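What follows is calculated from the coordinates using simple rules that are stated; it is not laboratory data. These figures come from a predicted structure and were not determined experimentally. Because the Cβ atoms are built from the backbone with ideal geometry, glycine has one as well, and the counts that use them run over all protein chains shown.
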Number of protein chains: 2
Amino acid sequence: MRVTKPRVALVEALFKQEGPVSIERLHQVVGIKSCDLVTIYRCLAAFESLGLVRRSYLHNGTCLYELTTGHGRRYHVVCKECGRTDPVDFSLTNDAEESLRHKGYTQISHVLEFFGVCPACQQSAAPHREQSVAVTPVT
Amino acid sequence: MRVTKPRVALVEALFKQEGPVSIERLHQVVGIKSCDLVTIYRCLAAFESLGLVRRSYLHNGTCLYELTTGHGRRYHVVCKECGRTDPVDFSLTNDAEESLRHKGYTQISHVLEFFGVCPACQQSAAPHREQSVAVTPVT
DNA sequence: TTGAGTGCAAAGGATTTGCAGGTTC
DNA sequence: GAACCTGCAAATCCTTTGCACTCAA
């Protein structure tokens, strides 16, 4: 796998985030002009098969990506309204995956996502729809 | 909410399955001619908001639905190759959702899905792609 | 009767693919 | 120099929407 400008920028962008990010947003962080959306899709797919990033999902099924850090797995709540993510203090035991291995499954992984309506979206009749996509939260 | 033919058929179809099913497959089980795909989408959405069904996701992000039985929550592995689902013996503590409630989140739910390559797909170079979608194997 | 529900067609959004040209090793 | 990557355009897949018609209550 070659080291190219888009890939370096993408890793940097992923590194800057503290949680799962949408591809759309990554595109914005990297710079719309400096890299095509398609390239981001392709790089993330490559990164994923290398185990470098992990995929999770928004409530509507669209993907989010995050760097696979060495510090253990982290889970997140994602707001059904604005899409904002927030880490959840929780960890999964290995029992389940272990039992699957015993059953003969390979390439085992899992997705655990919590959903809910965040406090900020609670009262606002008009939810902050684009929040999850907004770049640099302006201040 | 009215009781209509498509809805009854849909509930029956869901009932027959033991795990999460794709919309595509539900359409086939219900009968392609007897009900439009769009209607299935709409009914499932309605059922979901009533808490009658629960949604989960395939490895590629497409939705699966299953009836919300009274017998507690069940999780599944879904094969990355053929899409077949298999129940996993595992249960999640309520701690995580409870802590979210404390943080001010509402309408809390979660999705937990295990992925892997099932024993059957292990050796077969050409995976049973359509297995998860296949309806009553046309005798 | 009448409004919720349905089917059909078409739109929409996310993701993937094909291909020619550019870049890394 | 060759293979890999990228950008652009277009295709695909899943899901949603608009609208006129139908049917359950």
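Worth a mention:
- Gyration tensor verdict on the stretch B:7-64 (Cα atoms; rounded if a/c is under 1.5, prolate if a/b is larger than b/c, oblate otherwise): rounded
- Placing a label point 7 Å from Cα along the Cα-to-Cβ direction at B:LYS5 gives distances to the equivalent points in the other copies of 6.1 nm, listed shortest first.
- The HN-Hα couplings worked out from phi for the stretch A:89-96 by the Karplus form 6.51 cos²θ - 1.76 cosθ + 1.60 (θ = phi - 60°) are 7, 6, 9, 9, 6, 8, 3, 4 Hz, whole numbers, x standing for Gly and Pro.
- MRE, 222 nm, helices only [DSSP H, n ≥ 4, -39500 (n - 2.57), over chain B, to nearest 500]: -10000 deg cm²/dmol
- Hydrodynamic radius of the protein assembly as shown per Kirkwood, over alpha carbon pairs, in Å: 20.5 Å
- Summary for B:HIS59: label point 7 Å along Cα→Cβ; distances to the equivalent points in the other copies, ascending, 2.8 nm.
- Where a label projected 7 Å from the Cα of B:THR106 along Cα→Cβ would reach, residues of the stretch A:71-107 with amide N under 14 Å: A:80-81
- Each copy carries A:PRO87; placing its label point 7 Å along the C-beta direction from Cα gives inter-copy distances of 3.6 nm, listed from smallest up.
- Global form of the stretch B:1-126, assessed from the alpha-carbon gyration tensor, a/c cut-off 1.5: oblate
- Site-free segments of chain A were taken between trypsin sites (Lys or Arg not before Pro) in DSSP loops having at most 15 other Cβ atoms within 10 Å, sites themselves excluded; the longest one is A:74-139.
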